[in-house]
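In what follows, a structure is listed as C-alpha cells, so that the remarks can point back to it.
The values are calculated or read from the model by the stated rules, or taken from the named source; none is laboratory data. All values derive from a computational prediction rather than experimental measurement. Neighbour counts are summed over all protein chains in view; Cβ atoms, including those assigned to glycine, are modelled from backbone coordinates with ideal geometry.
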Amino acid sequence: MTTFKAKGQISDDHPLAAGVIGRSGTPIASYLMEKADLLVVFGASFSNHTGLDNLKDIIQVDFDRMALGKFHPVQIPVWGEVATTARLLVDALPEDRACTDQTGEIARRWRIWREEKLRRSQATSRDGLSSAAVFAALTDAVPADAVIPVDVGNNTYSFGRYFECKNQTILMSGYLGSIGFAFPAALGAWAGAAGRKVISISGDGGFGQYMNEFTTAVRYNMDITHVLLNNSELGKISKEQRAGHWPVWQTELVNPNFAEYAELCGGLGIRVTDITELTGALETAFRHEGPSLVEIITAGDLR
C-alpha cells in the first residue's frame with residue numbers, strides 16, 4: 001500500500017497492490033494495515049492525511065535523518081537510501097521464513113471494493129454525476145502511460161480513492177493546499193514529457209484560478225486534456241465547515257460554461273451533463289490534437 005503522494009508508484013493491477021492508505025484511500029489498504037503485525041515504511045512523511053495506526057510497530061526507512069521519527073513515533077528508524085535498504089532487507093530474509101500468501105485475500109477485497117464502486121457510480125442525482133462514475137470512466141479511458149496532474153479538493157480525494165492506476169505518472173502538490181495546481185502543472189508536464197498524453201484533473205474552483213492559461217495551451221497547441229468536475233462550489237471548504245459544526249459560508253461559485261470558454265479560446269470544449277455522454281466525451285477529447293477541456297457537471301451530494 002502507498003501514501004496518497006505515492007499513488008501510481010505501484011500499479012493497482014499488481015496482485016499485491018492494495019492502493020492508497022488514509023483519507024483518500026481504499027478499504028483494501030485499510031484492511032491490510034489493520035491486520036498487519038509490522039509496518040515497513042519507505043520515505044513517507046507520516047502526514048495526518050495518511051492516518052497510520054498508532055498501535056502498530058513501525059520500521060521507518062529514509063535518506064533524511066531529520067525525517068526519522070519526526071512526525072510519528074517509530075520502533076526502528078533506519079537511515080538509508082530506500083532502494084538499497086529494500087534490497088538489503090530482502091537479502092536478509094531467512095529461507096525458511098513462515099509466510100502467508102495474501103494474494104487471494106487481496107483479490108477478494110478488490111472484488112468487493114469494485115462492486116461498491118460500481119454501486120456508487122450508478123447512484124443518481126438531479127444535480128449531476130457522481131465522482132465514482134467520473135473516475136470509473138477515466139480508469140477505462142486514460143492511456144496507460146499518461147501523465148496526470150491533479151489538483152486540490154474533493155476531486156483529488158475522489159481521484160485517490162476511485163481511480164485505478166496502471167503505468168501513469170501522477171503529479172500533485174502534496175499537502176500544500178495549493179488550489180489551482182493541476183492545469184499549470186499540465187503545461188509543464190507537456191513541455192517535459194514529449195509524446196505522452198497529459199490529462200489534468202481539477203474542480204471548478206481550482207481551474208478558475210488559472211483558466212486564462214488555457215490560451216497558452218492553445219498558442220503552443222499543447223496536447224493536453226483538462227477534466228473539470230464542476231459542482232459550482234468549493235466543496236472541500238464546505239465539508240470542512242460542516243465538520244467544524246459551522247454554517248456553510250461563501251463557498252458557492254458562479255461559473256461560466258467552461259466548455260464554451262475553451263471553445264472561445266480556440267480549443268475543444270465538451271460539456272457532460274449525463275452519464276451516457278461521459279465515455280464518448282473523454283474519448284473525443286483524448287483523440288483531439290491540441291488542448292481540450294471536458295467539463296462534467298457533478299453532484300456535491302454524491303461521492
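Checking each residue in region 115-159 for being touching a Phe, Trp or Tyr at 6+ places or on another chain (Cβ under 7 Å), in contact (Cβ under 8 Å) with a residue 40 or more places away in the chain and of a type in the set (F, W, Y) picks out only F159. Of all residues assigned to region 51-72, none qualifies as being buried (at least 17 other Cβ atoms within 10 Å of the Cβ), within 25 Å of K166 (Cβ to Cβ) and out of contact with any Lys or Arg (no Cβ under 7 Å at 6 or more places or on another chain). Residues of region 211-240 that are buried (at least 20 other Cβ atoms within 10 Å of the Cβ) and either of a type in the set (F, W, Y) or without any contact (Cβ under 8 Å) to a residue 12 or more places away in the chain (or both): F214 alone.
In region 5-14, what count of residues is obtained for those that are among the small types (G, A, S) and over 9 Å from C165 (Cβ atoms)? Residues that pass the stated criteria total 1.
Please go through region 84-143 and give me each residue that is in contact with a helix residue (DSSP H, G or I) (Cβ under 9 Å, 6 or more places away or on another chain) and among the polar types (S, T, N, Q), ordered by number. Q102, S121, Q122, T124, S130, S131, T139, listed by residue number. Which residue is modelled with the lowest pLDDT, if the candidates are limited to region 140-155 and must be of a type in the set (V, I, T) and within 11 Å of the chain's Cα centre (by Cα)? Only one residue tops the list, namely V152. Return the residues of region 160-188 that are more than 26 Å from T215 (Cβ to Cβ) and touching a Phe, Trp or Tyr at 6+ places or on another chain (Cβ under 7 Å); say none if nothing qualifies. Hits for region 160-188 are G160, Y162, F163.
Going by what's in this entry, would L38 be described as touching a strand residue (DSSP E or B) at 6+ places or on another chain (Cβ under 9 Å), assigned by TED's automatic domain parsing to the domain that holds G80 and modelled with pLDDT under 95? Taking the combined requirement at face value, the residue satisfies it. Would you check if I296 is within 23 Å of the chain's Cα centre (by Cα), closer than 16 Å to S130 by Cβ and part of a strand (DSSP E or B)? So I296 fits the description; yes. State all residues of region 198-210 that are in contact (Cβ under 8 Å) with a residue 40 or more places away in the chain and either of a type outside the set (A, V, I, L, M, F, W, C) or not assigned by TED's automatic domain parsing to the domain that holds G290 (or both); if no residue qualifies, say none. Within region 198-210, S200, S202, G203, D204, G205, G206, G208 meet the criteria. Considered as a group, the residues in region 198-210 that are within 19 Å of Q168 (Cα to Cα) and not small (G, A, S) include one that is surrounded by the fewest Cβ atoms within 10 Å (Cβ to Cβ), and that residue is V198.
Residues checked against (1) at pLDDT 90 or above; (2) over 27 Å from L118 (Cα atoms):
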position: L234; (1), (2): no, no
position: W246; (1), (2): yes, yes
position: V254; (1), (2): no, yes
position: N257; (1), (2): yes, yes
position: F286; (1), (2): yes, no
position: I297; (1), (2): yes, no
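Screening region 241-255 for residues that are without any contact (Cβ under 8 Å) to a residue 40 or more places away in the chain and touching a helix residue (DSSP H, G or I) at 6+ places or on another chain (Cβ under 6 Å) and picking the one that is farthest from G153 (Cα to Cα) gives V248. In this entry, A17 is excluded by the filter for residues that are among the small types (G, A, S), free of Cβ contacts under 8 Å to residues at least 40 places away in the same chain and under 22 Å from N167 (Cα atoms). If you check N167 against the conditions, is it within 20 Å of T273 (Cα to Cα) and not hydrophobic (A, V, I, L, M, F, W, C)? Criteria not met by N167.
A single member of G174, G160, G195 is surrounded by fewer than 16 Cβ atoms within 10 Å (Cβ to Cβ), in the same structural domain as E283 (by TED's automatic domain parsing) and within 12 Å of the chain's Cα centre (by Cα), and it is G174.
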